[in-house]
Amino acid sequence: MRIRAQHPVRLVTMAWAAVSLAGITAAIATPQSGGISRNELVVGKVTDNINIQRSDPSDFHIQDLSLEPGANSGWHTHPGAEYSVVKAGEVVLERSPACVPITVTAGQGFFNPGGMPHIAHNDSTAPAEIYVTYTVPAGTTNLRLDADQQCGGK
């Protein structure tokens, strides 16, 4: 009995068909094309627990926030989640109800769930720069809502 070699294209086609029928799919990478560039603004490690779930449309805001030495944000909340990364300098973050001051330095980040009262202050002698990102209900125009003083601090 003589076994005849089959055409390679036919073998590949048959193998692909067998894999597809078995319910296994292979990812086919598509390289980027055209003029694309990226500018990474900042990277920061966040160790806070993050839990976000939105089922309604949301707006996504990104802001560059500067705090001069001695400045503070005042106690406030946000109508949605806040994710922040310190690009330069440092800030002290206090969140209610824990009220434990946390110093967040360049290259670190933090997460505040919507509605959590908090304050950020710059107690250093150098300016601080923070990239802040909010996910809020669609159409929200006021991203910062004043809150009563918490924790007996600033």
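Would you tally the residues in the range 80-116 being among the hydroxyl-bearing types (S, T, Y) and closer than 15 Å to D64 by Cα? Full working, then the answer.
First pass over the range 80-116, keeping only residues among the hydroxyl-bearing types (S, T, Y): 83-84, 96, 103, 105.
If we keep only those that are closer than 15 Å to D64 by Cα as well, we get 83-84.
Matching residues across the range 80-116 total 2.
What number of residues within the range 46-86 satisfy the criterion of being part of a loop (DSSP other than H, G, I, E, B) and β-branched (V, I, T)?
3
Every residue in the range 9-36 that is assigned to a loop (DSSP other than H, G, I, E, B) and modelled with pLDDT under 70, please.
Here is the first cut: in the range 9-36, the residues assigned to a loop (DSSP other than H, G, I, E, B) are 22-36.
Scanning the range 9-36 gives A22, G23, I24, T25, A26, A27.
Could you tell me which numbered condition T103 fails, if it satisfies all but one of (1) surrounded by fewer than 18 Cβ atoms within 10 Å (Cβ to Cβ); (2) farther than 26 Å from V43 by Cβ; (3) modelled with pLDDT of 95 or more?
Exception for T103: condition (2).
Hey, does the range 87-99 have a residue that's of a type in the set (A, V, I, L, M), crowded, with 16+ Cβ neighbours inside 10 Å and in contact with a Pro (Cβ under 9 Å, 6 or more places away or on another chain)? Can you show your working first?
First, the residues of the range 87-99 that are of a type in the set (A, V, I, L, M): 88, 91-93, 98.
In the following step, the residues that additionally are crowded, with 16+ Cβ neighbours inside 10 Å were identified as 91-93.
Subset that is in contact with a Pro (Cβ under 9 Å, 6 or more places away or on another chain): 92-93.
Yes: one or more hits.
For G35, indicate whether it is loosely packed, with under 10 Cβ neighbours inside 10 Å, over 20 Å from P117 (Cα atoms) and without any contact (Cβ under 8 Å) to a residue 60 or more places away in the chain.
Numbers: loosely packed, with under 10 Cβ neighbours inside 10 Å: yes; over 20 Å from P117 (Cα atoms): yes; without any contact (Cβ under 8 Å) to a residue 60 or more places away in the chain: yes.
Judged against the criteria, G35 is a match.
Return a yes/no flag: does the range 51-60 have any residue that is at pLDDT 80 or above and out of contact with any Pro (no Cβ under 8 Å at 6 or more places or on another chain). Write out each step before concluding.
Narrowing the range 51-60 to residues at pLDDT 80 or above: 55-60.
Now restrict to residues that are out of contact with any Pro (no Cβ under 8 Å at 6 or more places or on another chain): 55, 60.
Yes, the conditions are met somewhere in the range 51-60.
The values are calculated or read from the model by the stated rules, or taken from the named source; none is laboratory data. Worth saying up front: this structure is predicted, and the values here are computed from it rather than measured. Cβ atoms come from the backbone with ideal geometry, glycine included; neighbour counts cover every protein chain shown.
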